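Student: The structure's right below; bear with me while I get my questions together.
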Amino acid sequence: MAMLPLVLPWNEFYWKSGADGRLRIQECTSCSGLIHPPKPICPSCRSQELTVREVSGRGTLFGLTVNHHYPYPGLTNPYVVAQVALEEDPRVKLTTRVVEAEPDSLQLGMAMEVVFEQDDDVWLPLFRPAAQQPAQPAPLPEDEVTVEQVRTLVRPRLGTRKFEDDSVLSGIGASKIARRQMVDPLSLTLDACRQAVADAGLTMDDIDGLSTYPGGGVESGFSEGGVTALEAALRIRPSWYNGGTETFGPGGSVIAAMTAVSAGLARHVLCFRTLWQSSQETLMRTGYLRPGGGRMSGDMGWGMPFGATSAAHLLAQTAGRYMHRYGATKETLGWIALNQRANAGLNPAAVYRDPMTMDDYLNARPTTSPFGLYDNDVPVDGAIAVVVSAADAVGDLAKPPVRIEAVGTQVIERMEWDQSTSTHEPQVFGPAAHLWTRTDLRQDDVDVALLYDGFTFNCLSWLEGLGFCGVGEAKDFLDGGKNIARDGILPLNTHGGQLSHGRTHGMGLVHEAVTQLRNEGGERQVAGARVAVVSSGGLTPSGVLLLRTDS
């Protein structure tokens with residue numbers, strides 16, 4: 001059964017406008033800008049004088065990815081998920097599907113026209129190449145805020161006091177990370193949390209705060225139940241707790257814990273992240289779990305009806321635009337995958353440790369172009385935990401603390417995935433620029449980088465966003481893989497990253513940063529590591545931490 005959108009009185013003009021063959025988009029009558037997805041206020045001028053405008057249905061092919069891997073009811077792979085920038089206002093991009101064209105015939109910048117497909121009470125606006133094409137594909141429209149402009153919008157620091165100085169990372173723990181463990185995911189959470197508390201030299205009675213991302217949701221494989229489940233099992237009676245999806249992954253849970261400690265709400269906060277997607281997928285196939293019914297709402301509801309069922313479909317289009325603009329190639333992404341695999345070979349906890357060559361990478365089965373199998377992180381079952389403690393507790397801890405030098409959290413780029421930064425992962429440049437305003441340290445001071453790699457392209461985006469190479473320069477920086485190797489100028493994802501260690505949604509990166517700064521990395525240890533940068537996010541709001549040791 002196709003995934004249809006949830007049609008409501010305030011969006012039915014879009015989903016039902018195809019009944020008469022006309023495309024309709026929300027318009028602000030004050031500034032004449034088009035708004036998509038529809039909102040009760042214009043994001044450009046903040047007027048609430050809104051109407052609905054009939055548009056031509058013409059636009060420019062702004063992004064495309066050929067899906068080979070992800071299944072979608074009623075469609076046969078391969079099919080093309082795309083974005084079309086509207087002729088009347090190219091700031092508006094519609095996620096859609098391309099029809100009546102062979103994938104190999106499509107080029108970014110082609111002229112497109114709408115054609116509607118009815119399913120139940122919904123008319124899906126699909127697009128096909130227009131009969132009349134320009135002699136040369138059109139240039140792609142610029143973002144409203146370019147990556148070069150982002151740093152000019154960073155808010156100045158408030159005062160001289162830094163809340164980061166009030167906390168330390170005192171303990172880390174990890175459950176077994178593996179495929180299809182088929183155990184209660186809460187047991188994985190408990191394993192990681194008990195280990196982290198012991199690593200800090202504390203007991204569970206010392207823990208007075210809990211913080212997690214994304215909170216409960218045991219049926220999805222994306223979490224084991226959050227604070228509610230852990231407190232029900234441990235009964236530690238926290239004086240402060242936090243959990244929810246609207247933060248930048250586990251890095252957000254750590255920073256929330258830091259604010260609680262700084263405010264005096266807690267002294268030792270246990271932060272944790274659990275995934276069991278590998279087992280959940282098996283339980284779905286064997287019938288123990290069944291997909292939920294109903295229609296799609298929220299941001300995903302504007303893309304899923306067209307087959308954009310994964311973050312991969314959005315990010316793959318962004319990677320394609322990056323390659324189109326800057327001349328990067330599949331090999332550029334391949335050096336990231338090869339680096340992570342080489343590091344995983346030295347990490348007994350990594351899921352995939354076998355050596356990989358560039359030929360292995362390039363010849364892997366495609367998932368959604370330009371991504372192949374090794375561009376995607378590895379779904380696993382596992383949990384990671386980190387204890388955030390008050391800085392004045394250092395003398396009571398079992399190990400030297402890891403200090404938080406600075407955080408980067410500011411949202412500058414647009415939040416909607418398909419309307420945001422077009423050439424890099426959205427929500428990278430804002431937090432990165434914010435980070436460097438909160439510290440005197442600079443890129444050359446960083447000894448090891450743990451950068452989010454849900455896909456290889458996430459990692460490339462962070463390298464450029466944080467300024468380790470210039471915008472568009474990753475092709476040269478990554479070429480040959482030497483710069484990011486353990487003995488290179490920026491050792492990257494030394495535990496294997498999510499691409500080979502396993503998808504811990506970024507918390508594993510925090511764990512590895514602490515491991516490296518403590519000089520506990522064993523064979524993969526970076527000599528003399530004293531400063532680490534670690535990011536998390538991945539098409540959610542993103543954030544970044546700069547960590548250091550005292551020595």
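The values are calculated or read from the model by the stated rules, or taken from the named source; none is laboratory data. Computed from a predicted structure; not experimentally measured. For neighbour counting, all protein chains shown are included, and Cβ atoms are generated from backbone atoms with ideal geometry for every residue, glycine included.
Student: Can you tell me how many residues within the range 153-163 are surrounded by 10 or more Cβ atoms within 10 Å (Cβ to Cβ) and closer than 19 Å to L466 by Cα? Can you show your working first?
Tutor: Step one: filter the range 153-163 for residues surrounded by 10 or more Cβ atoms within 10 Å (Cβ to Cβ), giving 153-154, 157, 161-163.
With the extra rule that they be closer than 19 Å to L466 by Cα, the set shrinks to 153-154, 157.
Count: 3.
Student: When residues of the range 254-285 are filtered for being small (G, A, S) and under 18 Å from A406 (Cβ atoms), how many remain?
Tutor: The total comes to 3.
Student: Quick one: would you say G472 is farther than 21 Å from S536 by Cα and either out of contact with any strand residue (DSSP E or B) (no Cβ under 6 Å at 6 or more places or on another chain) or at pLDDT 95 or above (or both)?
Tutor: The answer is yes for G472.
Student: Out of the residues in the range 355-412 that are in contact (Cβ under 8 Å) with a residue 40 or more places away in the chain and of a type in the set (D, E), which is nearest to S223 (Cα to Cα)?
Tutor: D381
Student: Let me ask you something else. Of the conditions (1) part of a loop (DSSP other than H, G, I, E, B); (2) over 25 Å from the mean Cα position of the chain (by Cα), A233 satisfies every one except a single condition; which number is it?
Tutor: Result: A233 passes all but (1).
Student: Oh, and also: Which of the residues belonging to the range 98-121 are surrounded by fewer than 21 Cβ atoms within 10 Å (Cβ to Cβ) and either assigned to a strand (DSSP E or B) or of a type in the set (G, A, S) (or both)?
Tutor: A101, S105, G109, A111, E113, V115, F116, E117, Q118, D119
Student: How many of the residues in the range 500-526 are basic (K, R) and modelled with pLDDT under 95?
Tutor: Within the range 500-526, the subset basic (K, R) is 503, 518, 524.
Checking which are modelled with pLDDT under 95 leaves us with 503.
Count: 1.
Student: Looking at D120, D143, D191, which one is among the acidic types (D, E) and assigned by TED's automatic domain parsing to the domain that holds T504?
Tutor: On inspection, the qualifying residue turns out to be D191.
Student: May I ask you to list pairs of residues, at least six apart or on different chains, whose Cβ atoms are under 7 Å apart, with the first in the range 512-526 being without any contact (Cβ under 8 Å) to a residue 40 or more places away in the chain and the second being surrounded by 22 or more Cβ atoms within 10 Å (Cβ to Cβ) and not basic (K, R)?
Tutor: Qualifying pairs under 7 Å: G521/T494; G521/T515; Q525/Q516.
Student: Only residues that are outside any loop (DSSP other than H, G, I, E, B), crowded, with 18+ Cβ neighbours inside 10 Å and touching a residue at least 60 places away in the same chain (Cβ under 8 Å): list them for the range 413-445, please.
Tutor: W417, D418, Q419, F429, G430, P431, A432, A433, H434, L435 - these are the residues of the range 413-445 that are outside any loop (DSSP other than H, G, I, E, B), crowded, with 18+ Cβ neighbours inside 10 Å and touching a residue at least 60 places away in the same chain (Cβ under 8 Å).
Student: For the range 39-49, does any single residue satisfy the condition of being surrounded by 19 or more Cβ atoms within 10 Å (Cβ to Cβ), in contact with a Cys (Cβ under 9 Å, 6 or more places away or on another chain) and modelled with pLDDT of 95 or more?
Tutor: Yes, because at least one residue in the range 39-49 is surrounded by 19 or more Cβ atoms within 10 Å (Cβ to Cβ), in contact with a Cys (Cβ under 9 Å, 6 or more places away or on another chain) and modelled with pLDDT of 95 or more.
Student: Restricting attention to the range 457-487, and to residues there that are crowded, with 24+ Cβ neighbours inside 10 Å and farther than 20 Å from L545 by Cα, which single residue is farthest from the chain's Cα centre (by Cα)?
Tutor: So, considering only residues that are crowded, with 24+ Cβ neighbours inside 10 Å and farther than 20 Å from L545 by Cα, the one farthest from the chain's Cα centre (by Cα) is L478.
Student: Take the conditions in contact with an Asp or Glu (Cβ under 8 Å, 6 or more places away or on another chain), assigned to a strand (DSSP E or B) and more than 30 Å from L190 (Cβ to Cβ) and apply them to E405. Does it pass?
Tutor: yes
Student: May I ask you to list the residues in the range 493-551 that are out of contact with any helix residue (DSSP H, G or I) (no Cβ under 6 Å at 6 or more places or on another chain), over 14 Å from R273 (Cβ atoms), surrounded by 21 or more Cβ atoms within 10 Å (Cβ to Cβ) and among the polar types (S, T, N, Q)?
Tutor: Matches in the range 493-551: T515, Q516.
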